[in-house]
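Engineer: Quick one: structure below, then a few questions.
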Amino acid sequence: MSFELLKSEIIDAGLCQGCGLCVGSCKHIEMEVRRPVLKDYCILEREGQDCGKCYQNCPQVIQKKFEKQKPKAIYSLRSKNPEILAKAASGGVVTTLAKSLLDNKELAEIVMVQEIEEKPEADIVSDPKEVVEKAGVVYGRSGVLEKLVKLVGETSEPVGIVGVPCEIRGAAELEEEMNREIFKFGLFCNSHMRTELTDKGIVCSPCCNGCPSGVNAQGYISLIRQGKYQEAVDLIRQNNPLPSICGRICTNECEHGCTLIGDDHPVAIRELKKFVTEWEIENSTKARKKPKIDKNAKKIAIIGSGPAGLTAAYYLRQIGYAPTIFEKTDKTGGMLRFGVPQFRLPNYVLDYDVERIVESGVKVVLNSSLGPEMTIEDLKNDGFEAFFIATGQYKPRTLHLEGDDLPNVHVAISFLMDRKYRYWENNEEFKGKTLGIIGGGPVAVDVAQTALRLGAEKVHLVDIMSEEQLELVLKDIPDNEMNFMKYHFKTSTSKITQSEDSKLVLNCYQIEWGAPDENGRKALNKVDGSDYKIPVDSIVIAVGQAVDFDQIDAATENKLEKERNKIKVNEVTFETNISGVFAGGDIINNSKAVAIAAIAHGKEAAISIDKYLKGESLTEGRYKKVNSFFTGPKKPPKDYSLKPESLEEATQEINWSFEEIDQMFNEDMALQEARRCLSCNHFCSHCQDFPAIYSDLTAGEVGSQKGYTTVVVWTERGKEIVESAIESGLFEKGEVNEEELNKAINLKSKRELMTFEKTPRQQVFDYITTQGIGTISEIAKNLNLDSKKVRYEALRLTQMMKLEMKVDQGRDEPIFTLLCES
């Protein structure tokens with residue numbers, strides 16, 4: 001029973017919660033990048049003995065079956081302290097109570113998580129002001145129990161701890177073992193990441209929570225680590241039917257919340273997806289059988305074969321419907337095919353994902369456009385019962401500048417589409433020439449990189465955004481390619497002119513952003529005397545696309561409600577104002593205009609269409625997936641994932657061709673990267689304790705209206721403290737929804753506990769429980785344990801008041817029995 005067992009069963013299995021109890025229990029263990037590691041050696045193991053304290057005290061090993069307990073009281077509370085409400089989660093109850101207990105000297109110190117150097121770290125807090133200053137931090141993997149062990153060893157003053165259920169379970173064991181009273185503030189499990197998934201009892205890690213489509217990155221990385229590559233792709237496909245595509249062009253928001261940030265670089269999740277989906281492509285030699293479609297299956301019309309349309313069709317087919325995709329062009333894929341260059345998304349990758357969807361039984365009709373010749377009414381007459389419009393944005397947006405109609409002035413979407421399919425043979429189209437691009441976002445970069453591959457000598461990109469605001473775009477440009485590009489940040493273009501030598505000229509000036517108005521919009525102010533000119537040979541305007549509503553309006557009799565020139569939908573259900581007509585992707589209001597968000601829209605729309613056709617409520621039990629909508633400019637993450645140096649160098653090599661730019665992980669690289677993953681919240685998957693029943697009181701938002709905190713009290717002391725705080729006027733009361741609370745508790749209590757190797761202590765205790773009585777030699781013989789180990793564990797159980805040791809005159813050694821309460 002050693003650290004090796006803890007490592008194999010808990011740490012390597014992704015079940016470590018990073019509480020640090022093992023670190024606090026043994027001077028030979030330390031935390032390294034949020035994981036316990038043996039810093040030198042296990043001293044008893046080296047001498048041929050087993051200690052096992054790190055293993056047998058681990059909150060994961062000592063998981064207990066959830067037993068429903070009746071709370072002493074349940075409240076819905078909201079702090080009256082405005083400073084606390086501005087910083088703390090929901091109603092600010094834990095912060096208010098912690099401050100009060102420190103103020104009144106009822107507790108001398110509290111172990112809680114604080115934000116230190118922009119990352120959550122366990123800290124021992126004694127100053128009430130500090131509790132408020134550092135409120136609102138997300139809990140988990142902070143080493144709170146390591147700090148608690150240290151604290152109770154240094155002081156006899158009353159102390160407390162704030163933690164999630166597994167941490168509280170460890171604190172309760174420590175309290176019993178050290179015979180110390182510790183006030184325990186519990187937090188509802190996963191309360192800081194509440195989603196539709198967590199409400200269904202499904203574990204959600206930060207990376208999963210960051211993905212607009214809810215892909216379980218932690219789960220598939222764990223499968224990669226085990227060499228289960230096909231299972232990994234299958235798991236991705238549960239929430240994203242275009243995994244190979246996303247391995248290339250996903251905006252990888254999943255990485256931005258990685259727990260490793262602050263201690264190390266985040267896991268390269270997109271690169272791992274790329275590795276495992278490429279493995280499937282290379283190993284998919286078997287022909288898949290085309291499933292039979294029930295002739296009575298309800299027909300659904302999907303308009304558009306971009307990521308949203310493909311996704312909706314796939315998931316509708318999975319649940320038994322007969323979806324048909326109507327595509328206006330001669331190829332599927334939408335903007336993925338026509339707008340994204342091959343060097344970022346090779347055609348074979350796109351074709352593979354589309355083929356998988358078609359093979360699942362989705363029908364595709366090409367060269368069929370929604371419009372006056374194919375209306376919604378026509379489709380209804382053909383037997384279609386629901387509709388999903390996902391036609392994307394193909395209408396070029398311009399700035400209506402003077403000179404934008406001059407020769408060699410292009411718009412981005414036409415420029416990319418023409419050169420992807422019509423002019424590739426003209427590989428020297430821009431040889432020795434300079435290109436000017438109005439815009440600096442991802443599409444502008446695609447234009448720039450395409451022009452460089454067609455011989456351009458220099459590319460100027462003019463954008464009103466700052467370098468900081470474009471950081472996410474700039475980081476994906478290889479350094480060696482960036483040498484041929486010049487960004488003009490915080491610069492606007494007034495007009496396009498032509499010089500005497502027939503060169504085009506971008507007439508530019510620098511700008512400053514003004515203060516936001518009442519609508520939050522900032523004014524663009526020209527910097528006096530900052531005008532300058534950029535002479536170029538060709539210009540591309542890359543400031544986005546718009547929806548062409550002419551055909552759609554004709555097909556829907558102008559009945560579709562619009563907002564800011566996009567289709568207005570219910571942002572939970574994706575239903576339009578026309579019953580049975582849904583929409584998603586770039587065409588809807590507040591669209592994020594990225595593939596993974598469109599995939600999320602398609603998935604949610606499929607759920608809504610299913611409910612609609614069954615006559616069920618479209619909204620019950622569902623939430624708006626906020627991260628699949630545009631909510632403002634995206635802030636750059638605190639850190640980025642890295643590739644191995646050899647891959648980075650290969651990516652930087654200039655090869656002016658349309659072959660894929662980015663190099664790929666080999667198997668060794670992928671396994672090494674997958675092992676860096678901490679498997680965050682995987683330990684939750686077999687825990688049954690949502691309400692932290694071992695605490696004095698537990699707090700969280702489930703069961704309260706927005707802005708209030710539900711407080712479940714488990715001990716008399718907890719009740720006394722809450723009642724006293726209410727009487728002191730610290731809180732205002734709200735209504736408790738006990739049905740919602742009980743639903744969350746019951747969902748988690750149904751999870752199956754994992755079984756671990758029994759510790760010697762548990763084996764000894766179980767032996768006495770079943771046999772009723774036993775001596776050290778009897779127990780050692782029957783359990784095949786070392787007698788020294790049995791003696792140690794039996795005496796510890798006696799010390800913990802679980803066993804009773806008696807002297808029997810007829811025996812050579814003492815006997816042990818269960819301690820019976822008098």
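The values are calculated or read from the model by the stated rules, or taken from the named source; none is laboratory data. It should be emphasised that the depicted structure is a prediction, and the values quoted were computed from it without experimental measurement. All Cβ positions, glycine included, derive from the backbone under ideal geometry; neighbour counts span all protein chains shown. Note: areas computed on protein heavy atoms with side chains; ligands, DNA, RNA excluded. Shrake-Rupley method; radii C 1.70, N 1.55, O 1.52, S 1.80 Å.
Engineer: Cβ-Cβ under 6 Å, sequence separation 6+ or interchain: first residue in the range 504-525 and modelled with pLDDT of 95 or more, partner aromatic (Phe, Trp, Tyr) and part of a strand (DSSP E or B). Which pairs?
Structural biologist: Pairs that qualify, where the first residue is modelled with pLDDT of 95 or more and the partner is aromatic (Phe, Trp, Tyr) and part of a strand (DSSP E or B), are CYS508/TYR532.
Engineer: Which one of these is open to solvent by 20 Å² or more (accessible area, probe 1.4 Å) and without any contact (Cβ under 8 Å) to a residue 60 or more places away in the chain: ASP404, ASP418?
Structural biologist: Every option except ASP418 fails the conditions.
Engineer: Out of ILE281, ILE357, ILE325, ILE293, report the one residue that is touching a residue at least 40 places away in the same chain (Cβ under 8 Å), part of a strand (DSSP E or B) and not small (Gly, Ala, Ser).
Structural biologist: Going through ILE281, ILE357, ILE325, ILE293 in turn, just one is touching a residue at least 40 places away in the same chain (Cβ under 8 Å), part of a strand (DSSP E or B) and not small (Gly, Ala, Ser): ILE325.
Engineer: If you check HIS682 against the conditions, is it of a type outside the set (Ser, Thr, Tyr), under 17 Å from GLY170 (Cα atoms) and surrounded by fewer than 21 Cβ atoms within 10 Å (Cβ to Cβ)?
Structural biologist: No, not satisfied.
Engineer: Additional query: May I ask you to list the residues in the range 145-181 that are touching a strand residue (DSSP E or B) at 6+ places or on another chain (Cβ under 6 Å), under 15 Å from LEU107 (Cβ atoms) and either assigned to a loop (DSSP other than H, G, I, E, B) or open to solvent by less than 50 Å² (accessible area, probe 1.4 Å) (or both)?
Structural biologist: LEU148, LEU151, VAL159, GLY160, ILE161, VAL162, ALA171, GLU175
Engineer: Inside the range 776-811, can you point out the residues that are among the hydroxyl-bearing types (Ser, Thr, Tyr) and surrounded by 15 or more Cβ atoms within 10 Å (Cβ to Cβ)?
Structural biologist: The answer is TYR792, THR798.
Engineer: Which of the numbered conditions does GLU727 fail, given that it passes all the others? Conditions: (1) on the phi < 0 side of the Ramachandran plot; (2) touching a residue at least 24 places away in the same chain (Cβ under 8 Å).
Structural biologist: Of everything listed in (1) on the phi < 0 side of the Ramachandran plot; (2) touching a residue at least 24 places away in the same chain (Cβ under 8 Å), GLU727 misses just condition (2).
Engineer: Only one residue in ALA89, ALA135 is open to solvent by 10 Å² or more (accessible area, probe 1.4 Å), out of contact with any Ser or Thr (no Cβ under 6 Å at 6 or more places or on another chain), under 17 Å from ALA699 (Cα atoms) and among the hydrophobic types (A, V, I, L, M, F, W, C), so which one is that?
Structural biologist: On inspection, the qualifying residue turns out to be ALA89.
Engineer: With respect to ASN519, is the statement that it is open to solvent by 50 Å² or more (accessible area, probe 1.4 Å) and in a loop (DSSP other than H, G, I, E, B) true?
Structural biologist: Answer is yes for this residue.
Engineer: With respect to ALA692, determine if the residue is open to solvent by less than 20 Å² (accessible area, probe 1.4 Å) and either assigned to a helix (DSSP H, G or I) or of a type in the set (Asp, Glu) (or both).
Structural biologist: Against the criterion (open to solvent by less than 20 Å² (accessible area, probe 1.4 Å) and either assigned to a helix (DSSP H, G or I) or of a type in the set (Asp, Glu) (or both)), ALA692 does not qualify.
Engineer: Select from the range 436-453 the residues that are under 14 Å from HIS488 (Cβ atoms) and in contact with a Ser or Thr (Cβ under 9 Å, 6 or more places away or on another chain) and list them in ascending order.
Structural biologist: Listed by number, the residues that qualify are GLY436, ILE438.
Engineer: With respect to the numbered conditions (1) touching a residue at least 40 places away in the same chain (Cβ under 8 Å); (2) open to solvent by 40 Å² or more (accessible area, probe 1.4 Å), which one is the sole condition not fulfilled by ASP351?
Structural biologist: The number of the failed condition is (1).
Each row is one residue, and each column tells you yes or no for (1) under 30 Å from GLU701 (Cα atoms); (2) among the acidic types (Asp, Glu).
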| position | (1), (2) |
| --- | --- |
| GLY14 | yes, no |
| GLU30 | no, yes |
| TYR55 | no, no |
| SER76 | yes, no |
| SER79 | yes, no |
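Engineer: Out of ASP234, ASP263, I need the residue that is touching a residue at least 40 places away in the same chain (Cβ under 8 Å), acidic (Asp, Glu) and open to solvent by 30 Å² or more (accessible area, probe 1.4 Å). Which one?
Structural biologist: Of the residues listed, the single one that is touching a residue at least 40 places away in the same chain (Cβ under 8 Å), acidic (Asp, Glu) and open to solvent by 30 Å² or more (accessible area, probe 1.4 Å) is ASP263.
Engineer: Output the number of the condition that PHE387 fails; it satisfies all remaining conditions of (1) assigned to a strand (DSSP E or B); (2) surrounded by fewer than 13 Cβ atoms within 10 Å (Cβ to Cβ).
Structural biologist: (2)
Engineer: Next up: Restricting to the range 526-581, and then to whatever is open to solvent by less than 70 Å² (accessible area, probe 1.4 Å) and among the polar types (S, T, N, Q), can you tell me which residue is farthest from SER617 (Cα to Cα)?
Structural biologist: Residue satisfying both the conditions and the ranking: SER530.
Engineer: How many residues does the range 504-516 hold that are exposed (fewer than 14 other Cβ atoms within 10 Å of the Cβ) and closer than 21 Å to LEU461 by Cα?
Structural biologist: Residues that pass the stated criteria total 1.
Engineer: Another question, then. Say we look at the range 99-121 and pick out the residues that are in a helix (DSSP H, G or I) and in contact with a Leu (Cβ under 8 Å, 6 or more places away or on another chain); which of these is surrounded by the most Cβ atoms within 10 Å (Cβ to Cβ)?
Structural biologist: Looking at residues that are in a helix (DSSP H, G or I) and in contact with a Leu (Cβ under 8 Å, 6 or more places away or on another chain), I get LEU101.
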